[in-house]
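The values are calculated or read from the model by the stated rules, or taken from the named source; none is laboratory data. Keep in mind that this is a model prediction, so the values were computed, not measured. Heads up, the Cβs are rebuilt from the backbone with ideal geometry, glycines too, and the neighbour counts pull from every protein chain shown. Ligands, DNA and RNA are excluded from the accessible area calculation, which covers all protein heavy atoms including side chains. Shrake-Rupley method; radii C 1.70, N 1.55, O 1.52, S 1.80 Å.
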Amino acid sequence: MSTIPIKGTYDFSKIEEKWRTHWQKNKVYKTIGPGEDGFIEGKPKCYILDMFPYPSGAGLHIGHPKGYIASDIYSRYKRMQGFNVLHPMGFDSFGLPAEQYAIEHNVHPAIITEENIDSIRSQLQFLGLSFDWDREIATSREDFYRWSQWIFTQLFDCYFDTDDIWQDGQGRAIHGRAKKIEDLELKFAEGKSYTEADRKILGEFADTSWGALKTADQKAVLNNYRLAYQQEVVVNWCPGLGTVLANEEVTNDGRSERGDFRVYRKPLKQWIMRITDYAARLLEDLDAPLEDRNGSPFALDWPEPIKIMQRNWIGQSFGAEVRFDIIDPMDGEIAGQLPVFTTRPDTLFGATFMVIAPQHPLIDSQKTSYLVPDEWPTNALDGWRGQEPRLDIREAIRKYIDTAATEVAVDQDKKEKTGIFCGIYARNPVNGEEIPIFVADYVSMDYGSGAIMAVPAHDERDHAFALAYGLKIVSVVEGDGQRDDQCYSGSGIAINSPVIGDSAFAINGLKSKEAKNKIIAELTETGLGKEAVHYKLRDWIFSRQRYWGEPFPLATHSEGYSITLDPPVVLPAMDDFRPETSDDPSRPVSPPLHRAGSEWATIEVDGETYQRELNVMPQWAGSCWYFLRFIDPLNSDVFCDKAKEGYFMPVDLYIGGAEHAVLHLLYARFWHKVLYDLDHISTPEPFKKLFNQGMITADAFQDERGVYIDIREVEFRDEVPYERGTDKKLTKSTGKMGKRYKNGLPPEEIGAEFGVDTLRLYEMYMGPLEASAPWSMEGIRGMQRFLQRVWRNFVDQDRLVKIGEGIEPELDKKLHQTIEKVTAHIEGLRFNTAIAALIELNNELVSLDKVPEAIARPFLQLLAPLAPHIAEEIWELADFAGEGVGMQEWPVSDPQKLVEDRVVLPIQVNGKVRDKIEVALSMNEDEIKELVLTLDSVKKHVADVGQIKRFILVPGKIVNIVV
RNA sequence: GCGAAAGUGGCGGAAUUGGUAUACGCGCUAGAUUUAGGAUCUAGUGCCCGAAAGGGCUUGGGGGUUCGAGUCCCCCCUUUCGCACCA
């Protein structure tokens, strides 16, 4: 085990230590941007970004840096190609993980976060990653989060003008853009009319002109437009964590992803981001030809599966909004209208009932729209009365609503449909038929209008409900594979619908698509509905009831409206930063900043008293824009200098895990577009090329109680795993590397045993970067052997380089083929095959006494991005000129030397390889045919020439004789 | 249920537009060198039959297109990931 350093052997730890120190001390990888000393005008840039880590207390294991190694190789390669590479690193240090860790270890997050950052930074430096550490940022530092707060004020002080259709440099028409809220105020002052939502808020002042409104009422209207707005919404309240969670932070069985506590639905006033306004643009720009403000075109080069996930998440669907008249059960008059969204307007004639969500205002007894009669209508079937048919109707509905409301946020596997009749009927606009309205929890308030028209013959859910409640099923579409007793949700031909002459909605006999168009046209004509587009995407709840996050730069007036405060709003130092947790979902919500005291919470602005906002922002806030701060991290005047931003953006390569496929990437794109609309930045999208690296998986071992045993405590006897020194047999499983599974190894441990260059190479050699692959302690030795062989090929026992003159033409050809391959493979992020090509070339060098200089230089250059320490060391020993191999120009292959003049041609008979011949590439078909037919191996299978049906020659590739 | 990705030796994996399947590495076998080696070097290594020459088979399974299929088309199986009453 002991490595006695024999003179001249490859002493990786000394070499790596030496170069690591050299790079850091001399700031070799410092990036110089526009306006800074030494900036070279006209030098092309390349912005290579990693998804920054949160500074966990556990530190990094060897699985973490896979993506960082990849981006480092690419960065070093691009530098050698003459690019001004920006390759920064920072820390996502606000948020739950840091706070939870602080709570567990009873240390203040402000302290533990910086400690963790220090240790992770040194881990990253140990790996020889070429970050420019002068640009380090951390989202929890005041000089960073003041700008997160500033961006929030931008979102607060703007609105999305849907009516503005504008053109980008490509001439593409874009619908809607963010504008300053003052523009909207001006429009109102000039007489812009209020929307229905505005009027609702204004109540008795709905007809008052803008100028005559009180400030509070004006602000209340503006809240309807701001991209960051406040609203009481039903949220996922997790008393166990003492905070609200985003939908995506809640698991399928209604528990918190972090901590595994129960989550409840609770109405709460929250700050929300109006991301839905950007749904169409976020969707469109995934594939659109884009252009930055310097006129350079680009398009998103993202993995298709990630684009698909984003498309699904945004969930655009086309259809129609149809308004059904509601009939007041008391007097039979039309009491209002119930708008529904449907993707199948062609099935309107099959709508036999309607369903509304439990939160729908029609059945909210507190609202004026409440229409539930005081008795069960006589024509209501018994089965329509729900679980407790004896209850009177209002009581029964109230009970049903209550149950639905308190139920765990997401209810899985709840296939059987429940619901109850509301006692109210609606009139189908296309045929005047009166149909009952049910309330059921399979319809949710936050999609569409919270109400649906139910077409049991052609919708699975409606079908199930109709069967359970004995409702009419009318088939109106006839299509392939349809069965009488089942619902048919495909398209086909309209049936059981009016024929021409009977109705304006005559669609009988039309194909589904035509029927849709006709219905939509007619609905629009008659004012009963219109074409509509809906999105699954919801607005983004932005408040967290925690301590360790950005405070909102907001304060609230006693009349209820909020104003922005100038950042920074410094997070108050608090000894007790813990959230108030409990098991009781009904306890009032009180964020930790409550305890900062009224001295902090109360603030005076222009002689008026305001209360500071006590929620903080979610962890996403910092990661929505951190890549912009890297460009200009020390600027204290603006979040990012415009000239620098214009030079470095967009990010050319963004490497990170696929777990951020939707949320982080969608949120960051959203903020970016707002900043773009407000002309703070120059690109409509932040990340040009995205790449998701795969995981490194590892075996994990559990004892019979299911307790994980540290992999270092596992030993194998006859291939059976045991806990070291005991008779305890263990069971093996394979999966994610992590602290939980006790199967993660720290990079320092592997680096000390095998060397950092070896570790880097092995992680890249394990397979394609995007794939997951299992760690193997045997496999890594192969890479160590490779580097040892490189060392021995170049350096002798006395630590003298073995570099010579001259070069064999065959080896020269091999060199140029290798340059060609390595360049293409690194460019395509296929490092595994790049390394394989280098191994092949290196194996050719083993038999030589001296490596020709004409090979040595380019070989070390090709190796430098992958294994930088050893490459630098040999380059220095060889006394090659320049400031190190990493500063050399990337080698270029000579196309002349790549040309093959002779080629081995496989000879097939009936598709089976029977022989191989080496021929000059210049030989023509007749010559080859003549030659091939003289071969014994061919004669054996081709009795006589007359049998040959076809003679196929693919020049330079293959010969196939068909007999 | 919907959507996506993947399935190649004992193992990790390679293979532009269909054109020598198994590059490269691990492991294994034999030999060399060495006091020793988890060092190094050389040779071999997909599977089956065969002493050999040689032959047959092989990219999850089954069909198809083609002179020729890991690659294209259809059906099925398995694994992983994402979404999930979205009207």
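A few remarks follow.
- Value of [θ]222 nm, deg cm²/dmol, for chain A, DSSP H segments ≥ 4, -39500 (n - 2.57) each, nearest 500: -9000 deg cm²/dmol
- Flagged links, alpha-carbon separation over 29 Å, of A:K179/A:K269; A:K689/A:K732; A:K14/A:K729; A:K45/A:K307: A:K689/A:K732; A:K14/A:K729
- Other residues with beta-carbon under 13 Å from the beta-carbon of A:P267 carry, at +1 per Lys or Arg and -1 per Asp or Glu, a net charge of 0.
- Simple point charges give the picture: +1 on the Cβ of Lys and Arg, -1 on the Cβ of Asp and Glu, and for chain A a dipole about the Cα centre of about 1860 debye.
- Among A:H87, A:P686, A:I420 - extreme Cα towards positive end, dipole of chain A, charges at beta-carbon: A:H87
- The Cβ shell under 13 Å around A:S733 holds other residues with a net charge of +2, Lys and Arg each +1, Asp and Glu each -1.
- Counting only alpha carbon atoms, the long axis of helix A:109-126 and the longest principal axis of chain A meet at about 30°.
- Solvent exposure, largest accessible area first (probe 1.4 Å, DNA, RNA and ligands not counted), of A:Y77, A:Y400: A:Y400, A:Y77
- Accessible surface of chain A [probe 1.4 Å, protein heavy atoms]: carbon and sulfur percent: 48
- Longest exposed-site-free window of chain A, the sites being GluC sites (Glu not before Pro) in a DSSP loop that have at most 12 other C-beta atoms within 10 Å: A:42-189
- Ranked by the mean number of other Cβ atoms within 10 Å of their residues, highest first, the peptides A:208-215, A:442-449, A:674-681 come out as A:674-681, A:442-449, A:208-215.
- The stretch A:317-534 - share of DSSP beta bridges that are antiparallel (%, nearest 5): 90
- Listed residues A:S586, A:S119 arranged by accessible area, highest first, probe 1.4 Å: A:S586, A:S119
- Relative contact order (percent, whole number), the stretch A:900-962, Cα cutoff 8 Å, 6+ residue spacing: 41
- Crossing angle, helix A:853-863 versus chain A [Cα axis fit, 0-90 degrees, rounded to tens]: 20
- Taking a sphere under 13 Å around the Cβ of A:G470 and counting the other residues whose Cβ falls inside, with K and R at +1 and D and E at -1, yields a net charge of +2.
- Per-residue ³J(HN,Hα) for the stretch A:665-678, Karplus 6.51 cos²θ - 1.76 cosθ + 1.60, θ = phi - 60°, Hz, x for Gly and Pro: 5, 6, 4, 5, 5, 5, 4, 4, 5, 5, 4, 5, 4, 7
- With Cα atoms as the point set, the stretch A:142-295 shows a radius of gyration and Dmax of 19.4, 53 Å.
- For chain A: relative contact order, % (alpha-carbon pairs under 8 angstrom, 6 or more apart): 14
- Amide hydrogen neighbours beyond the local backbone of A:G419, cut-off 5 Å, H modeled: none
- The stretch A:685-690 - phi-based ³J(HN,Hα) in whole Hz, Karplus 6.51/-1.76/1.60, Gly and Pro as x: 9, x, 10, 6, 10, 10
- Angle in degrees between helix A:512-526 and the longest Cα principal axis of chain A, rounded to the nearest 10: 40
- Amide proton proximity set for A:D132, modelled H, under 5 Å, gap of 5+: A:H87, A:M89
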